[in-house]
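Comments concern the structure below.
The values are calculated or read from the model by the stated rules, or taken from the named source; none is laboratory data. For clarity, every value in this text was computed on a predicted model and none was experimentally measured. Ideal geometry is used to build each Cβ from the backbone, glycine not excepted, and the neighbour counts take in all protein chains shown. Calculation scope for accessible area: heavy atoms of the full protein, side chains included, ligands and nucleic acids excluded. Shrake-Rupley method; radii C 1.70, N 1.55, O 1.52, S 1.80 Å.
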Amino acid sequence: MDEKKITTKTFRKMKKFGEKISMLTAYDYPTGLILDQAGIDSILVGDSAGMVVLGDQNTLSITMENMLYHTKCVSKAVKRALVIADMPFLTYKITVPEAVKNAGRFIQEGGASAVKIEGGEEVCKIVRAMIFADIPVMGHIGLTPQAVNKLGGYSMQGKKPESVEYLLRSAKALEDAGAFSIVLENIPALLAKEITGKIQIPTIGIGAGPYCDGQVLVLHDILGFYADESPKFAKKYIDLNKIIFNAVKQYSSEIKTKKFPSKKYFIK
Ligand code: KIV
């Protein structure tokens with residue numbers, strides 16, 4: 001699936017033909033551009049922006065306006081990938097009409113092609129209302145970071161029998177409600193395999209092992225943007241923190257030592 005614009009329909013086709021779906025988060029124009037040109041299938045404008053871009057402790061403080069801003073920046077850059085906007089905490093669980101209205105803003109103002117909401121069987125009525133309004137919805141179950149206070153931390157889900165049952169029921173309920181795909185976050189690989197085998201819509205894993213139909217990671221984790229440890233499941237492909245740090249140090253030192261700007265960089 002190299003050339004054509006990726007849609008929610010393409011996602012389903014990719015699952016059918018066993019082609020893995022690649023997804024990364026992005027929050028601004030330049031990274032949206034690079035990711036799209038590099039051929040990533042889908043870009044999630046995640047509420048992880050609160051943590052990796054805005055410096056918050058969790059994803060609970062980021063607002064509709066913040067997320068709309070980031071979504072617009074990414075959408076402007078992207079030609080091929082499917083852009084999915086993550087709905088922030090408390091923007092879709094108060095009332096159904098408010099949820100649909102907020103979701104619609106991500107499509108109409110943000111330029112996204114779909115939204116993502118966290119939660120299992122209990123959010124299905126919201127999913128149905130969004131689909132009725134022609135807004136494609138991605139589900140997100142397992143570790144749902146917006147529920148960090150209810151869950152008591154960021155621990156793995158789907159280990160106890162009642163949690164396994166809830167996740168299996170939720171995946172099926174989300175599919176029946178019309179979700180086009182589901183993120184499975186931080187659950188055992190064999191449970192992710194079972195869920196993936198039981199539904200027709202693609203599962204996108206993060207810390208959920210190799211059997212999902214696709215994988216998503218936070219861009220700043222794979223680029224090593226921060227010096228501190230990223231989650232165990234996040235592979236670091238480059239140590240950008242060190243590269244940027246060294247470049248800035250060199251630039252600063254060259255100004256002090258009058259090495260920059262040298263002849264090449266100015267006109268007499
Ligand atoms: O906000 C986010 O980045 C996410 C993904 C990590 C799934 O929800």
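Quickly run through the stretch 62-86 and pick out the residues that are outside any helix (DSSP H, G or I) and either under 14 Å from the mean Cα position of the chain (by Cα) or without any contact (Cβ under 8 Å) to a residue 60 or more places away in the chain (or both). Talk me through it step by step, then tell me what you get.
Narrowing the stretch 62-86 to residues outside any helix (DSSP H, G or I): 62-63, 78-86.
62, 63, 78, 81, 82, 83, 84, 85, 86, listed by residue number.
Here are the criteria: (1) surrounded by fewer than 22 Cβ atoms within 10 Å (Cβ to Cβ); (2) farther than 22 Å from residue 226 by Cβ; (3) of a type in the set (A, V, I, L, M); (4) under 13 Å from the mean Cα position of the chain (by Cα). Tell me which single one residue 52 does not satisfy.
(2)
If you go through the stretch 235-256 one residue at a time, do you hit one that is touching a residue at least 40 places away in the same chain (Cβ under 8 Å) and farther than 23 Å from residue 28 by Cα?
To start, the set of residues in the stretch 235-256 that are touching a residue at least 40 places away in the same chain (Cβ under 8 Å) comprises none.
Within the stretch 235-256, not a single residue is touching a residue at least 40 places away in the same chain (Cβ under 8 Å) and farther than 23 Å from residue 28 by Cα.
Would you point out the residue of the stretch 87-117, among those that are open to solvent by less than 10 Å² (accessible area, probe 1.4 Å) and outside any loop (DSSP other than H, G, I, E, B), that is farthest from residue 32 (Cα to Cα)?
Result: 99.
May I ask you to verify whether residue 207 is more than 30 Å from residue 265 (Cα to Cα) and surrounded by 13 or more Cβ atoms within 10 Å (Cβ to Cβ)?
yes
Against the definition (at negative phi and out of contact with any strand residue (DSSP E or B) (no Cβ under 8 Å at 6 or more places or on another chain)), how does residue 187 come out, yes or no?
So residue 187 does not fit the description; no.
Checking residue 79 against (1) within 13 Å of the ligand (Cβ to nearest atom); (2) open to solvent by 70 Å² or more (accessible area, probe 1.4 Å); (3) in contact with a Lys or Arg (Cβ under 9 Å, 6 or more places away or on another chain); (4) not polar (S, T, N, Q), only one condition comes out false. Which one?
(1)
Among the numbered conditions (1) surrounded by fewer than 17 Cβ atoms within 10 Å (Cβ to Cβ); (2) away from the ligand (no atom under 16 Å from the Cβ); (3) in the same structural domain as residue 17 (by TED's automatic domain parsing), tell me where residue 199 comes up short.
So the condition that residue 199 fails would be (1).
Go over the candidates 243, 238, 187 one by one and state the one that is within 16 Å of the ligand (Cβ to nearest atom) and either part of a helix (DSSP H, G or I) or of a type in the set (A, V, I, L, M) (or both).
Exactly one of 243, 238, 187 is within 16 Å of the ligand (Cβ to nearest atom) and either part of a helix (DSSP H, G or I) or of a type in the set (A, V, I, L, M) (or both), namely 187.
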